[in-house]
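These notes are about the structure you will find just below.
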Amino acid sequence: MALQLNQELQNKYPHLEISVLKYSDAMKDNDSKRIDSEFFKKDILTMEKNILKIGYKYFSEFIETLTDYTANGSFASLNTNVILYDNENFAKWIRIKDLEANNFDNCRYVDEKGYNFLKKSSLFGGELLISKTGEYLGKAFIVPKMDCLMTLADNIFLIKLKNISNEFLYVYINSKIGQNFISKLSQGAAQPTIIKDSLRKIKIPLFPLSFQQEIEEMVKTSHACLEQSKGLYREAEVLLYRELGLDPENPLASIETHSGSLNISVRPLSQSLNATGRLDSEYYQQKYDEIEKVIKNYRGGYCKLKDIVVNRSGGFAFSSDSYLENGKLALIRINNIKNASLDLQNIVYLPDDAELLSPKDKICKNDILISMSGSIGLCCVIREEINAMVNQRILKISVSKFEENVLCLIINSICCKLQLQRIGTGGVQTNISGDDILNILIPKINPQTQTQIAEKIKQSFTLRKQANELLQQAKSKVETAIVQAA
């Protein structure tokens, strides 16, 4: 009866998505008694039927332990017992942003007391994590193995599994089907969140062991490629820092040995306010002067960034009302710029004619993008042809007589990070102008060394691309297997 009524209504109103269910079916696995349309989307209902044909178990049947930040105590207690440090301390405090970027160089740290207080959230590598809320709601991660102590930040589930591989669950949860189930079971409007009880009720299809092992092997191969990629990129960084006479392991510390102190500076007004217009103490930290000396003393010489720029634009303020979920013309926003790479996972699109609003902000291969708000100075190279525009607060440049990958590495290095830190303005959100960025100093790395550095970076991103392609193939295999169960 429900199926017949569903079809009759769909025929009558073809422009609407209609689902008709029995009340008993609607209330199954629905403890919150939701009756909103989001909970009964056709795609989700269809996939649930297919999973029933394959056979399934609830996620809870594979969970040995399920831990989150608040399992260790109240937030008041956490604030008292856990102090976060920006500089290296007893253990790394792993956040979603570190996992998403797969970059743990900028982690915050906890001391030994904080680590012991959070011992239920200790990480050793290989664990499955799922984001509870925020931009990456429901996204799964596998913790890489690192030669250091680690503990988990807030708003992340730490899951230890039994009778199923982390890698298979990682792919399934990150597939379109897994993410649809997360979306269905999440709660809240302003900031959707998934709670433990809802997570436990996700249906996991019981594929043959051979299929699960195939997916597991693809993920492991992908992660191996990614580790090789990170190793090559690190080798490129080492070449750069050694060329500049800095310690690759701790370039900031090697600057400190030159100055004796990085935080004390005494200056008359003629060399401070009257010369720079700045009177805040942050601007006059000794480390900023020392990094300029390193660059100016480089044997190959130096220049200002603007001296090698041939084209520039500062992005266009595209209206969010024009954003599309799908399309041919992508919009690059600040959150798409990661350390040296462009992340297109959460991309939005524009109408095709939007490029007419600001043709100079159309992206070309080998363009360099630099963020001008928030995490200022994040830089990436456009390594492939992409039909996209640049949003506001992103500086887009093209350069001559300098290898783009090497320049990007320099801008992301401590050499330029400190320069940009110094001139950034604002309280809650740091901002910087395009003109200020173009005035930073760039060491003129000799062509032979540039070639060596660029080759390692290119190899690194080739491996990173292979790693991403393997993960996409794994997700596609899982999605196809479920769809074909119809």
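Structure above, values below:
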{"quantity": "Length-normalised contact order of region 69-190 in % [C-alpha pairs under 8 Å, at least 6 apart]", "calculated": "25 percent"}
{"quantity": "Residue 480 paired with residue 113, simple spin-label distance in nm, labels 7 Å along Cα-to-beta-carbon", "calculated": "5.6 nm"}
{"quantity": "Contour excess over end-to-end distance, with Cα ends at residue 303 and residue 149 and 0.36 nm allotted per residue", "calculated": "51.3 nm"}
{"quantity": "Relative contact order for region 293-362, counting Cα pairs under 8 Å that sit 6 or more residues apart, in percent", "calculated": "31 percent"}
{"quantity": "Per-peptide average of other Cβ atoms within 10 Å, ordering 91-97, 429-435 highest first", "calculated": "91-97, 429-435"}
{"quantity": "Mean Cβ neighbour count within 10 Å, used as a protection proxy, ranking 218-224, 292-298 highest first", "calculated": "218-224, 292-298"}
{"quantity": "Backbone N under 13 Å from the residue 428 label point (7 Å along Cα→Cβ), restricted to region 175-193", "calculated": "none"}
{"quantity": "Inter-site label distance for residue 386 and residue 439 at 7 Å from Cα along Cβ, in nm", "calculated": "3.0 nm"}
{"quantity": "Of 145/306; 132/458; 296/338; 42/362, those spanning more than 30 Å from alpha-carbon to alpha-carbon", "calculated": "145/306; 132/458; 42/362"}
{"quantity": "By accessible area with a 1.4 Å probe, ligands and nucleic acids excluded, highest first: order of 67, 193", "calculated": "193, 67"}
{"quantity": "Globularity ratio of region 168-255, using Cα Rg and 2.2 N^0.38 Å", "calculated": "1.76"}
{"quantity": "Accessible-area ranking of 148, 364, 380, largest first, probe 1.4 Å", "calculated": "364, 148, 380"}
{"quantity": "C-alpha center-to-center spacing [region 180-221, region 288-354] in angstrom", "calculated": "34 Å"}
{"quantity": "Listed residues 209, 158 arranged by accessible area, highest first, probe 1.4 Å", "calculated": "209, 158"}
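The values are calculated or read from the model by the stated rules, or taken from the named source; none is laboratory data. Computed from a predicted structure; not experimentally measured. Heads up, the Cβs are rebuilt from the backbone with ideal geometry, glycines too, and the neighbour counts pull from every protein chain shown. Protein only, heavy atoms only, side chains kept; ligands, DNA and RNA dropped before computing areas. Shrake-Rupley method; radii C 1.70, N 1.55, O 1.52, S 1.80 Å.
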